[in-house]
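Trainee: Here you go, one structure.
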Amino acid sequence: MAGLAVFGVACLGMPISGELKDLLKDEGPVARETLAGLQEWTAESSEENARNIFMNQLLASKQTRIVHTGTVYVCGSENKIAGIMKPEEIISLLKSDPNLEGRIDSKGEVWLEKHVAELSATCKEKGYIGLDATGSLSLFEGRPEKEKVMRTFFQIDIKSMESSLPKEIIQQLHNGIRVQDLEEYNSVISTFSDYAMESEGKMKR
């Protein structure tokens, strides 16, 4: 069961009401296309606003900063140090690629990153999904017994899972399930999300 991300759509700062969403859904493909266009326009406007705020923050500080550039994948990331730059140089670098997003970390260093819906080379070569020591579904670099966790997804209701799934699948999970592409990655997470627990200890359904 794949998880669904639910998010609000804003137009000129005002959220579209549930009633309007329902109305658009009932009006067929033209209305759905209009709603999709509003969502895309809002997302682009929000990203552009964030970039402007970031650039203004850099200019106002007048500080030279250590700059990192990199790519953030669905699984894993790659980055390198680009050097020490003045605000104007950082802004020029940011503008050179519209996909870059900027942020300043707690050390005052700048990160210019782009997000890619793909697995990193490390994940493709060494990625395994399994259970960590606390019973959480996690992504490992190498097999789970090495305990090199790259990312944790959610806590698993172990008893419910073991009573519902064949022993062979449970054993595969404990050994680590190899994921080599985005489809496999999403499929494994979706399969075990049926046994995810909420913070209060109840299973998500």
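The values are calculated or read from the model by the stated rules, or taken from the named source; none is laboratory data. Computed from a prediction, not measured in an experiment: that's the story for all the values here. Neighbour counts are summed over all protein chains in view; Cβ atoms, including those assigned to glycine, are modelled from backbone coordinates with ideal geometry. For the accessible areas, the whole protein counts, side chains as well, though only heavy atoms, and no ligand, DNA or RNA atoms are used. Shrake-Rupley method; radii C 1.70, N 1.55, O 1.52, S 1.80 Å.
Trainee: Find, to one decimal place in angstroms, the Kirkwood hydrodynamic radius of the range 58-110, where the mean of 1/r is taken over every pair of different Cα atoms and then inverted.
Mentor: Final number for the Kirkwood radius of the range 58-110 is 11.7 Å.
Trainee: Also: Measure of size requested: the Rg and Dmax of the range 156-199, with Cα atoms as the atom set and Å as the unit; please supply both.
Mentor: So, for the range 156-199, Rg and Dmax equal 10.9, 30 Å respectively.
Trainee: What Kirkwood hydrodynamic radius do you get for the range 120-164 when you take the inverse of the mean 1/r over all pairs of distinct Cα atoms, in Å? List each step's numbers first, then the result.
Mentor: Numbers: mean 1/r = 0.0916 Å⁻¹.
One decimal place: 10.9 Å for the Kirkwood radius.
Trainee: Given the whole protein assembly as supplied and a 1.4 Å probe, what does the accessible area of Thr69 come to in Å², nearest 10?
Mentor: Looks like 30 Å² after rounding.
Trainee: Which one, Gly127, Asn99, Pro87, projects farthest toward the positive side of the charge dipole computed for the range 78-173 from Cβ point charges (K/R +1, D/E -1)?
Mentor: Of Gly127, Asn99, Pro87, it is Gly127.
Trainee: Using the Kirkwood radius over Cα pairs, work out the Stokes-Einstein diffusion coefficient for the range 36-164 at 37 °C and 0.692 mPa s, in µm²/s as a whole number. Spell out each step's value before the answer.
Mentor: Working: Rh = 17.4 Å.
Stokes-Einstein gives a translational diffusion coefficient of 189 µm²/s.
Trainee: What does the extension gain come out to for Lys148 and Glu125, with contour length at 0.36 nm per residue minus their alpha carbon separation?
Mentor: 6.8 nm is the gain from fully extending Lys148 to Glu125.
Trainee: Next question, about the same structure. On full extension of the chain, what length is gained from Ile53 through Ser106, given 0.36 nm per residue of separation minus the C-alpha to C-alpha distance? Write down the numbers at each step before the final one.
Mentor: Values: separation 53, 0.36 × 53 = 19.08 nm, distance 1.74 nm.
This chain segment gains 17.3 nm when fully extended.
Trainee: Now for a different question. Using only the Cα atoms of the range 107-205, what do you get for the radius of gyration and for Dmax, in Å?
Mentor: Gyration radius and largest Cα-Cα distance of the range 107-205: 14.8, 50 Å.
Trainee: Right, another one. Is there a quick way to get the dipole size of the range 128-205? I mean about its Cα centre, with the Cβ of Lys and Arg at +1 and of Asp and Glu at -1; what is the value in debye to the nearest 20?
Mentor: 100 debye
Trainee: When all protein chains stay in place, what accessible area (Å², nearest 10, 1.4 Å probe) is found for Met161?
Mentor: Only protein atoms counted, so the area is about 0 Å².
Trainee: What is the magnitude of the charge dipole of the range 63-167 about its Cα centre, with +1 placed on the Cβ of each Lys and Arg, -1 on the Cβ of each Asp and Glu, and no other charges, expressed in debye to the nearest 20?
Mentor: Dipole of the range 63-167, to the nearest 20 debye: 120 debye.
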